[in-house]
Each structure stands twice: as structure tokens, then as C-alpha cells.
1. Let me spell out the model: positive unit charges on the Cβ of Lys and Arg, negative unit charges on the Cβ of Asp and Glu, origin at the Cα centre of the chain. What dipole size does that give, in debye rounded to 20?
2. Rounded to whole Hz and in sequence order, give me ³J(HN,Hα) for the stretch 84-98 from the Karplus expression 6.51 cos²θ - 1.76 cosθ + 1.60, θ = phi - 60°, writing x for Gly and Pro.
3. Using θ = phi - 60° and the Karplus form 6.51 cos²θ - 1.76 cosθ + 1.60, what ³J(HN,Hα) does each residue of the stretch 65-80 get, whole Hz, x for Gly and Pro?
4. How many percent of Cα pairs in the chain exceed 27 Å?
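No lab work stands behind these numbers, since they all come straight from the coordinates. Here the structure is a predicted model, which is why all the values come from computation and not from measurement. No Cβ is skipped: glycine too gets one built from the backbone with ideal geometry, and neighbour counts run over all protein chains shown.
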Amino acid sequence: MTYMINGLSPDHFAPLFAMDDAELAAINARRVAATADRGFPCRISLEDAKAGEELILLHHTSHDVETPYRSAYAIYVRPGVAAARYRDELPPVFEGRRLALRAFDGDAMLRTARLAGPGEADDAIRDLFADPAISYIDAHNAAYGCFAARIERDEP
């Protein structure tokens with residue numbers, strides 16, 4: 001069993017970077033600059049922005065389903081980056097972070113969840129996918145609650 005972790009499509013967010021601050025505020029988004037090399041995780045590249053880099057902070061529906069488990073929260077995205085793609089490896093944005101892994105079935109219903117400390121995510125993902133009823137896992141940063149990435153089965 002293998003898994004895939006993909007960053008969000010940059011095409012969806014590209015129009016935000018052409019907006020001025022008033023236009024962003026009208027949709028409850030903000031232009032920010034990273035103040036450190038860690039703590040500003042881009043959901044497109046799945047890497048932390050470096051100090052001084054521009055990002056957009058916005059409200060994002062990460063689990064857009066018609067079940068009680070629909071979920072949305074704030075995320076950061078950076079301009080000019082490609083969508084990350086990781087197969088059977090964890091993206092840099094997972095490193096050193098405690099993750100909440102929420103495992104869903106094919107009907108978008110939560111089946112189980114797991115907390116994974118630094119260095120534990122790969123084993124936890126594989127353990128969750130050992131259950132054939134699990135279709136995908138949404139990873140969230142446990143402390144702040146924000147969506148980190150979707151993890152999908154990638155079976156040959």
C-alpha cells in the first residue's frame with residue numbers, strides 16, 4: 001500500500017494575489033509576510049515560507065462534503081509555487097509538527113482519527129490505511145487546527 005500527498009492547486013488561489021488589500025479584506029483574507037522561516041506553512045508547496053515571503057491568509061473549505069464533517073479553517077498560500085506531490089514520503093511541512101489525522105470512508109464520514117507526534121506520521125498513515133474502509137485522511141496541525149494536507153491511497 002502506498003499513499004499520495006498533494007498540495008492544493010495554485011490555479012484556485014492565483015486571483016487572490018492580484019487583489020489589493022481592500023479586496024482581500026472584503027473576502028476575509030489578508031496579505032501577510034512571514035516573520036520567521038517556520039510557522040507559515042504554504043498549502044500549495046507544503047513547505048514553510050521563509051521570513052519576508054508574501055502569503056495570503058484565507059478561509060478555506062478543506063473538506064467540502066455534504067456530511068456533518070464538512071470542515072473549513074484558515075490556511076496560508078504563496079504565489080508562484082507549484083503544487084507539491086509526495087508519494088510514500090512526508091512533505092517538509094509535516095516535520096516537527098504534531099498532526100491530527102482524520103480518516104474518512106468513501107461516504108465522507110469520519111471512521112477514526114489519530115494523533116501523530118513528530119516522526120510518527122508515516123506509521124500512523126499506514127496503520128490507518130490498513131483498514132480497507134478508509135478512503136482518505138485529512139491531516140491537520142493539532143495545535144492550531146488548520147488543514148495541512150489530504151492523504152490519499154495510491155495503490156498500484
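1. 300 debye
2. 5, 8, 10, 10, 6, 8, 8, x, x, 5, 7, 4, x, 10, 7
3. With the stated coefficients, the stretch 65-80 comes to 10, 9, 9, x, 8, 4, 9, 8, 6, 6, 9, 10, 9, 10, x, x Hz.
4. Details: 2712 of 12090 pairs.
Percentage above 27 Å: 22.
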